[in-house]
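Visitor: This is the structure I want to talk about, given as structure tokens.
Since every read-out is calculated from the coordinates, none of them should be taken as a lab result. Please read these numbers as outputs of a predicted model, since none were measured by experiment. Don't worry about glycine lacking a Cβ; one is built from the backbone with ideal geometry, like all the others, and counts go over all protein chains shown.
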Amino acid sequence: MENVFDTLRERGFIEQISDETAIRKLLENERVTLYSGFDPTADSLTIGHFVPIMALTHLQRAGHRPIVLVGGGTGFVGDPTDKTELRQMMPRERIEHNCACFKRQFSRFLDFSDGEAIMVDNADWLLDLKYIPFIREYGVHFTVNKMLTADAYRSRFERGLTFFEFNYMLMQAYDFLELYRRYGCKLQVGGNDQWSNILAGADLIRRVENAEAECMTYTLLTTSDGKKMGKSQKGAVWLDREKTSPYEFFQYWRNVGDADVIKLLKLLTFLPMSEINEMSKWQGGELNRAKEKLAFELTKAIHGEEDASQAMNAARELFGGGASGGSVPETEISASEWGGGMNIIDLLSRTGLIASRGEGRRLIEQGGVRVNERKVEGFDCIVESVGNQVLIQKGKKVFHRVKVIG
């Protein structure tokens with residue numbers, strides 16, 4: 001049987017590992033309990049969480065037991081990694097709400113029945129800790145000098161790092177120790193930006209329990225030129241359909257760069273490597289087929305096959321010149337509000353396609369707005385509906401449908 005370590009490596013997941021020989025042997029010879037942590041800074045996961053989610057799913061399919069740790073406790077502090085300023089502190093009620101939302105979304109990927117996967121909240125042990133006993137027993141195993149070499153702290157040190165945030169590494173390390181004690185967890189996995197924090201946990205287990213624990217980090221979701229993925233014109237790309245519609249989600253993946261599509265197929269789908277390797281030979285226009293496959297598979301995984309099919313059909317119709325498709329974002333406007341038509345700037349604002357009237361004027365000046373497939377030439381354009389519908393195109397890739405009702 002193929003070692004899941006080889007699967008993860010072949011598909012491009014693995015970035016750093018504590019001991020390859022030890023991890024390979026561990027994954028080959030026993031059912032390993034492992035964990036990955038997610039801080040509840042919002043009420044939905046984003047596509048930035050996709051890589052660790054997929055890695056956990058590969059590991060579970062290979063027979064191992066993943067623990068999803070939701071940071072109800074560490075969420076009170078916030079990881080300083082990749083942050084230029086202190087996170088906004090959230091009230092407990094909001095953190096608990098966000099944790100509950102995460103749990104629902106993870107259930108689409110992992111099997112939590114009969115202990116196959118476990119979901120825990122570190123608030124269960126962190127919030128009851130007494131500070132002096134905790135620092136006395138575990139703080140002695142951390143040196144400030146070593147902590148300041150971690151990227152998460154070094155990048156913030158000159159601009160200002162609060163002692164409040166400085167505790168984050170200790171708490172994440174303690175999570176690993178607690179999960180080792182409760183569940184026999186021997187491996188922590190996570191994004192490559194977490195390497196220092198993950199190493200600290202393995203080291204704490206060795207010092208306190210005199211036991212071996214291992215670490216593995218994954219590549220971050222970036223484009224071929226190193227830019228972090230996960231932002232659209234409307235901001236973050238969410239897994240919650242109320243924040244990012246299935247159509248917008250599909251279009252995000254359909255529009256990835258040519259140089260990124262094969263890497264993303266390996267990381268974010270379960271398509272066989274033989275099929276992906278065949279697609280890697282495609283060039284030019286053929287790559288659009290690979291992008292559509294990527295978009296369909298990911299939309300299906302998040303929103304279901306029906307939504308994925310509707311989004312794909314809508315995209316095909318729109319880019320083929322049609323205007324009747326499925327799940328294109330829509331705004332309904334009453335006939336009384338619509339009257340005999342609406343000024344184009346007012347309409348762009350009403351549909352949320354522009355943030356200001358100035359942005360609308362610039363778009364029109366640059367030829368970036370079309371209505372019912374015709375370029376808008378002036379700011380005073382009055383938009384009329386065709387069959388009680390209007391199709392607005394902003395730039396090359398953003399479409400929005402208006403329905404006049406009543």
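Visitor: Assign unit charges at the C-beta atoms only (+1 for Lys and Arg, -1 for Asp and Glu), then state the dipole size of segment 231-319 relative to its Cα centre in Debye, rounded to the nearest 20.
Guide: Numbers: 13 positive and 14 negative charges, 56 e Å.
Dipole magnitude for segment 231-319 comes out near 260 debye.
Visitor: Given points 7 Å out from each Cα along the Cα-Cβ axis, report the Gln366 to Asn255 separation in nanometres with one decimal.
Guide: 1.2
Visitor: If you don't mind, another one. Could you check which residue among Leu221, Leu129, Leu264 shows the biggest mean-square fluctuation in a GNM of the chain with a 10 Å Cα cutoff?
Guide: Per the Cα network of the chain with a 10 Å cutoff, Leu129 tops the list.
Visitor: Can I ask one more? Where is the GNM fluctuation largest for the chain (alpha-carbon springs, 10 angstrom cutoff): Val390, Val369, Val208?
Guide: Among Val390, Val369, Val208, the largest GNM mean-square fluctuation belongs to Val208.
Visitor: Along the positive direction of the dipole of the chain (beta-carbon charges: Lys, Arg +1; Asp, Glu -1; about the Cα centre), which of Gly191, Val4, Pro133 reaches farthest?
Guide: In the chain, that residue is Gly191.
Visitor: How high is the relative contact order of the chain? Use alpha-carbon pairs under 8 Å, at least six apart in sequence, and give a whole percent. If you can, show how the numbers build up before the last one.
Guide: On the way: 601 pairs, mean separation 59.3, N = 406.
Here the relative contact order equals 15 percent.
Visitor: Quick check on packing: order 376-382, 398-404, 64-70, 349-355 by the mean number of other C-beta atoms within 10 Å, highest mean leading. Show your work: numbers first, answer last.
Guide: Values: 376-382: 13.4, 398-404: 18.9, 64-70: 23.3, 349-355: 16.1.
With the highest mean Cβ count within 10 Å placed first, the list reads 64-70, 398-404, 349-355, 376-382.
Visitor: Hey, in the GNM for the chain with a 10 angstrom Cα cutoff, which one of Asn192, Asn277, Asn98 fluctuates hardest?
Guide: Greatest mean-square fluctuation among the candidates belongs to Asn277.
Visitor: Here is a follow-up. Can you tell me the dipole magnitude for the chain around its Cα centre, using point charges on the Cβ only (Lys, Arg +1; Asp, Glu -1), in Debye to the nearest 20?
Guide: Working: 52 positive and 57 negative charges, 144 e Å.
With only Lys, Arg, Asp and Glu charged at Cβ, the dipole is about 700 debye.
Visitor: Follow-up. Would you kindly state how much longer the chain becomes between Glu377 and Glu286 on full extension, computed as 0.36 nm times their sequence separation minus their alpha carbon distance, in nm to one decimal?
Guide: Details: separation 91, 0.36 × 91 = 32.76 nm, distance 3.45 nm.
Full-extension gain reported as 29.3 nm.
Visitor: Defining a contact as two alpha carbons under 8 Å apart and six or more residues distant in sequence, what relative contact order in percent does segment 330-405 show?
Guide: Relative contact order, segment 330-405: 39 percent.
Visitor: Can you classify the chain as rounded, prolate or oblate using the Cα gyration tensor, where a ≥ b ≥ c are the square roots of its eigenvalues, rounded means a/c under 1.5, and otherwise it's prolate if a/b beats b/c and oblate if not?
Guide: Working: a/c = 2.41, a/b = 1.75, b/c = 1.37.
Prolate.
Visitor: Once label points are set 7 Å from the Cα along Cα→Cβ at both Glu20 and Arg350, what is their separation, rounded to one decimal in nm?
Guide: 6.1
Visitor: Can you check what the net charge comes to around Ile345, using other residues whose Cβ is under 10 Å from the Cβ of Ile345 (Lys, Arg +1; Asp, Glu -1)?
Guide: Values: positive: Arg350, Arg357, Arg361; negative: Asp346, Glu359, Asp380.
So the environment of Ile345 carries a net charge of 0.
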